[in-house]
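I'd like to ask some things about the structure below.
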Amino acid sequence: LIPAQAGIISVKASDVTTISTVGSFGAENGRLKNELYMLSDSRGAPWLSYGLLKCVLSNIASSSNLSDGEFKLSVASIWPGSIITAYYSLHTLVKSYHQDTVSYNNYGGFGQQIDTDSDTFNSANGQVNGELTFKLSQSLLQSWVADPSSNHGLLLRYTSYTSNKIHSDMTFAPNGNKAPTLTFTVAEPAGLFLPLCAFALALLRRRHIKQ
């Protein structure tokens, strides 16, 4: 376990998977492992594709006090010549999934919306990369540390976009330096300071008596 001490913790996402109803994944209700690949259709609405991922906090001591967290993803538009403002929402998952067997039909559904963000890309001018940032509350992170089994993972939803083209694809870096990453601060437990003070005072008294 990571000890309950002050410091900044960064956790890279694991079990990164895209689930979708579209046939371009090889089959209906397909799965794309190790990539987040969000698609939109020619009618101007997102296809039914969701990104699934986890940020495992089970190695952090349950007595730790956590701050609010920031979850960041690097994003790129891969449809040339388009101007896109893409809108996303991040949600908790209702139940845990297995990266090798999950599909759009059996992922279990998503729960509360955590946060939203958007970014604008103009690939005609070479602006194809950006970053999304979502805020995760202290209470949510604390609940994952207190009970790791309650952390079922996160779902990224492509809610809408504006574009001068009829089609757009967005992809997210799942690995390496640009992996989706959750960052937060761990502080010392509130009750840790008093026992240390009492221990130090006892040592001083013992030394004084000996003298």
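Using a Förster distance of 25 Å, how high is the FRET efficiency between Ser10 and His98, based on the Cβ-Cβ distance and rounded to 0.05?
Calculated transfer efficiency: 0.50.
For Thr185 and Ser118 in the same chain, what is the full-extension length gain: residue separation times 0.36 nm, less their Cα-Cα distance, in nm?
21.6 nm
Under the 0.36 nm per residue contour assumption, what length would be gained going from the current alpha-carbon distance of Thr85 and Thr21 to full extension?
Numbers: separation 64, 0.36 × 64 = 23.04 nm, distance 2.30 nm.
Using 0.36 nm per residue and subtracting the Cα-Cα distance, I get 20.7 nm.
For His152, what accessible area in Å² do you get when you roll a 1.4 Å probe over the heavy atoms of the protein chains, rounding to the nearest 10?
50 Å²
Please give, to one decimal in nm, the separation of the simple spin-label points placed at Gln138 and Glu70, each 7 Å out from Cα toward the Cβ.
Once both label points are built, they end up 1.7 nm from each other.
The values are calculated or read from the model by the stated rules, or taken from the named source; none is laboratory data. Just so we're clear, the structure is a prediction, and the values are computed from it rather than from any experiment. Using ideal geometry, Cβ is built from the backbone for each residue, glycine included, and neighbour counts are taken over all protein chains shown. These area figures cover heavy atoms from the full protein model, side chains too; ligands, DNA and RNA do not enter into them. Shrake-Rupley method; radii C 1.70, N 1.55, O 1.52, S 1.80 Å.
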